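The values are calculated or read from the model by the stated rules, or taken from the named source; none is laboratory data. All figures in this text were calculated on a predicted structure; none of them were measured in a lab. Please note: Cβ atoms are built from the backbone with ideal geometry, for glycine as well, and neighbour counts cover all protein chains shown.
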Amino acid sequence: MRLSTSKWTGHSTSPFLLEVSKNRVQVYLLLVSWQKSRRKSLKKMKVRTKIPEDTKRKVLIEAGHRCAIQTCKHARVEIAHIIPWAESHDDSFENLIALCPNCHDLYDKDKKIDRKAMLIYKQNLGLLGSKYGEFERRVLHFFCENQTVNAISLPGLNEIQVYYLLKDGLLAKNGKHSDILSDNIPTWEEYQLTDAGKAFVEDLR
């Protein structure tokens, strides 16, 4: 009887061992390929950095340190991305807006406010900030919050404070005023939203 020495010399290998070796090689190659792919992905990934304080300040000033959605009455605000950072990697002033935590969640998580609406809110902030003064913005904000109110009483000689609202045809005197005091100056006069003013306020809501 002849004794086989192949298991010691290695000159002959069973099909089972060959298959195991082949599978190990394939697993190794897959692992190497995955590691290379992961390294490439990590290189492409951008590290999220803090929004510069100067940019944050500009965003908050633009909104008057209030939620950009005019009908919102929440006092605390935070900085939100209009196009999500994960999608845009954009921390620029143009892509940031001041929102209260509730409206931020409605936009980012619940998707109850769409991107088009958010872009309009941002556009409105720019329009208000560039055309109207702080007092005029407060008047508009008052009308936004009080939907059933179309007129407001202001002290006499206060026309200069709402000059651009009058000039743009959004507000007009309705003739109502207090008794005339000396020098034909009333203690108060009433200003009313025009049809154009009502439409403008409705767009802000």
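Worth a mention:
- Scanning segment 122-176 for residues that are part of a loop (DSSP other than H, G, I, E, B), hydroxyl-bearing (Ser, Thr, Tyr) and surrounded by 13 or more Cβ atoms within 10 Å (Cβ to Cβ) yields one hit, 132.
- Every condition in (1) outside the structural domain of residue 62 (by TED's automatic domain parsing); (2) part of a helix (DSSP H, G or I) is met by residue 107 except one, and the failing one is (1).
- Index of the failed condition, residue 85 passing every other in (1) closer than 23 Å to residue 142 by Cβ; (2) touching a residue at least 24 places away in the same chain (Cβ under 8 Å); (3) not small (Gly, Ala, Ser): (1)
- In segment 64-88, the residues that are surrounded by 15 or more Cβ atoms within 10 Å (Cβ to Cβ), of a type outside the set (A, V, I, L, M, F, W, C) and in a loop (DSSP other than H, G, I, E, B): 64, 66, 70
- Close Cβ contacts (under 7 Å, 6 or more residues apart or on different chains) running from residues in segment 95-112 that are more than 10 Å from residue 80 (Cβ to Cβ) to residues that are β-branched (Val, Ile, Thr) and part of a loop (DSSP other than H, G, I, E, B) comprise 106/113.
- Among the candidates 181, 204, the residue that is modelled with pLDDT under 85 and closer than 24 Å to residue 72 by Cα is uniquely 204.
- Test: residue in segment 189-201 that is touching a residue at least 60 places away in the same chain (Cβ under 8 Å) and either assigned to a helix (DSSP H, G or I) or under 25 Å from residue 66 (Cβ atoms) (or both): yes
- Lone unmet requirement of (1) in the same structural domain as residue 66 (by TED's automatic domain parsing); (2) in contact with a strand residue (DSSP E or B) (Cβ under 6 Å, 6 or more places away or on another chain) for residue 188: (1)
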